[in-house]
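Here the structure comes first, spelled out in structure tokens, and everything after it is commentary.
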Amino acid sequence: MCDVLACFDKQGKVSLNDLCRALGYPGKPEDIDGSEVARYVEEGRIAEVAAYCETDVVSTFRVWLAYELFRGALTQEQFRASEESLLEYLGQKVPTKPHLSYLLAREPAITVHVDGRPPGLPEITASEIVVPQGV
């Protein structure tokens, strides 16, 4: 997902954690990051790695929902329904998977006007769009 948003340019790539936080989501758990996964596996801490991966899947899904909303593939209502469904599902899983509880901590910071534009984004007409040569 981060590769798509960066147009597969490694210079424009943003981390999943930073992207989540910018969108108002919790991001990565603070007790482990990707650089520690190999060590955790070597130490036999497979359950912790699995929990870390589960939180990554949820975070990636939420970023994808926001991406689909902004590109117009989801309406605001569909986005909200998907987010509510996810939060309900996570809430049901927390008793057996407590590591998911921190993902319920914040609401997304995404609000879109009825016309599909994020708040504060001016309306742009086709005549105002400039496409550089060679693109």
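The table below lists the values:
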| item | result |
| --- | --- |
| Equivalent ellipsoid dimensions for the range 13-107 as semi-axes, Å, which come from the Cα gyration tensor, largest first | 26, 16, 10 |
| Computed P(r) (all Cα pairs; the range 47-90; 10 Å bins; percent) | 28, 45, 21, 6 |
| Packing rank of 65-73, 38-46, where each peptide gets the mean count of other beta carbons within 10 Å, highest leading | 65-73, 38-46 |
| Calculated from backbone phi, Karplus (6.51, -1.76, 1.60) coupling profile of the range 54-70 in Hz, x at Gly/Pro | 4, 5, 4, 4, 5, 4, 5, 4, 5, 5, 4, 4, 5, 4, 5, 5, 5 |
| All lysines inside 19 Å of residue 28 as judged from Cα atoms, apart from same-chain residues fewer than 8 positions distant | 13, 93, 97 |
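The numbers here are math on the coordinates, done by the rules we state, and not lab data. Since we're looking at a predicted model, the values are computed, not measured. Backbone-built Cβ (ideal geometry, glycine too); neighbour counts: all protein chains shown.
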